[in-house]
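Below is one structure, written out as structure tokens, with a few remarks after it.
Just so it is clear, none of the values below were taken in a lab; they were calculated from the coordinates. In this text, all values refer to a predicted model and were calculated from it rather than measured experimentally. Every residue, glycine as well, gets a Cβ built from its backbone with ideal geometry; the counts of neighbours run over all protein chains shown.
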Amino acid sequence: MMNVLWRWLARLLGIRKQQPFASPGLPAERGRARPRSGADALVSPWRIYRIYVHLSHLLLRNEKGKVVDIGVVQGTVPDLSYQLSIGNGSGKGFETLALLLADVSERMQNTQVESEFLRLPDCGAFKSMDLDLDRIEHIDVSLAVDE
């Protein structure tokens, strides 16, 4: 009886029954949803890295927060150059840091660096300085995982 009364009242007030939100998990036994684990991100063939320039060093940070020194920057703003320790790349004649970072990211996209990145030691010196790397000039780069 109450159910009929509620439906009549809902029609009178113009309330429509809304469907519940879809659960993010996969269907499990008896129609229950199982929450997704964080493992989905690990199967991606791509990794996101961020490249920074700080105190004439090129730094690379992965999505887990590991920061490594991948090279050096030399020169002044109208004529910058860099030398990478990963992939043995170099470049010169850049007018701005943004152009230099774009070239570094392009070079790294054309090189398989994942295995080399794992061998490099963590840069504890930059972590101990309480440096907020995201406040300095940087560029994000997506790199394919080595197979």
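Summary of computed values
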{"item": "Environment charge of LEU100, counting only residues whose C-beta is closer than 10 Å and scoring Lys/Arg +1, Asp/Glu -1", "result": "-2"}
{"item": "Stretchable slack from ALA98 to LYS64, in nm (0.36 nm times residue separation minus alpha-carbon distance)", "result": "9.8 nm"}
{"item": "ARG7-GLN74 pseudo-label distance in nm [points 7 Å out on the Cα-to-Cβ vector]", "result": "8.3"}
{"item": "Cβ-defined net charge surrounding THR76, 13 Å radius [Lys, Arg +1; Asp, Glu -1]", "result": "-1"}
